[in-house]
Amino acid sequence: MSVRRGTISQVTSRTTAAQHLRDLALLRRVRDRIDREYAKPLDVEALARGVNMSSGHLSREFKRAYGESPYGYLMTRRIERAMALLRRGDLSVTEVCFEVGCSSLGTFSTRFTELVGVPPSTYRRRAAGAAAGMPSCVAKQVTRPIRNREAPVSEPQLA
């Protein structure tokens, strides 16, 4: 009978690699849940409980895998959906805020402005005619918010 042996570092690296693959599968489940349930009240603790991880471990690993925190990813999803609803034009900014799962109009407006570069009300006015006649799949791609970095800040205009 042959017993497979290795050094401690070999055994540890095999264990670490296997755990990393398991974590990636769980992170995909978290990302998919955010994509599906973005309008529901979600927080990092609830997401972590859903995959039996600590919230700190989930946050670190999610950011390492996807380049942003679970909360940042959730807010980006909500803003993407808000952009589509604002382009449609039949809902107020407040209605859109609550429709996409945000509970604070101030937080929604701040995050929207950070990602898109203009406040939601300005976006709604500008987008009303800009996407007219454009297929929704094209409009979604063209108007996608900037991810993993803030919108460029314009220099103040001196008159």
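Results, tabulated for the structure shown:
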{"item": "Of all residues making up segment 60-92, the number that are in contact with a Ser or Thr (Cβ under 9 Å, 6 or more places away or on another chain), among the charged types (D, E, K, R), free of Cβ contacts under 8 Å to residues at least 60 places away in the same chain and in the same structural domain as Pro120 (by TED's automatic domain parsing)", "result": "1"}
{"item": "Within segment 1-89, helices (runs of 4 or more DSSP H) holding 3 or more residues that are at pLDDT 85 or above, more than 15 Å from the chain's Cα centre (by Cα) and under 18 Å from Gly101 (Cβ atoms)", "result": "44-50, 70-88"}
{"item": "Matching residues, segment 91-110, being more than 17 Å from Ala127 (Cβ to Cβ) and of a type in the set (A, V, I, L, M)", "result": "Leu105"}
{"item": "Members of segment 106-148 found to be crowded, with 17+ Cβ neighbours inside 10 Å and modelled with pLDDT under 70, listed by number", "result": "Ala131, Ala139, Thr143, Pro145"}
{"item": "Any hit, segment 99-113, residues being of a type in the set (Gly, Ala, Ser) and either in contact (Cβ under 8 Å) with a residue 60 or more places away in the chain or in the same structural domain as Asp32 (by TED's automatic domain parsing) (or both)", "result": "yes"}
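The values are calculated or read from the model by the stated rules, or taken from the named source; none is laboratory data. Keep in mind the model is a prediction, meaning the values are calculated, not measured. Here the Cβ is made from the backbone with ideal geometry for all residues, glycine too, and neighbour counts use every protein chain on show.
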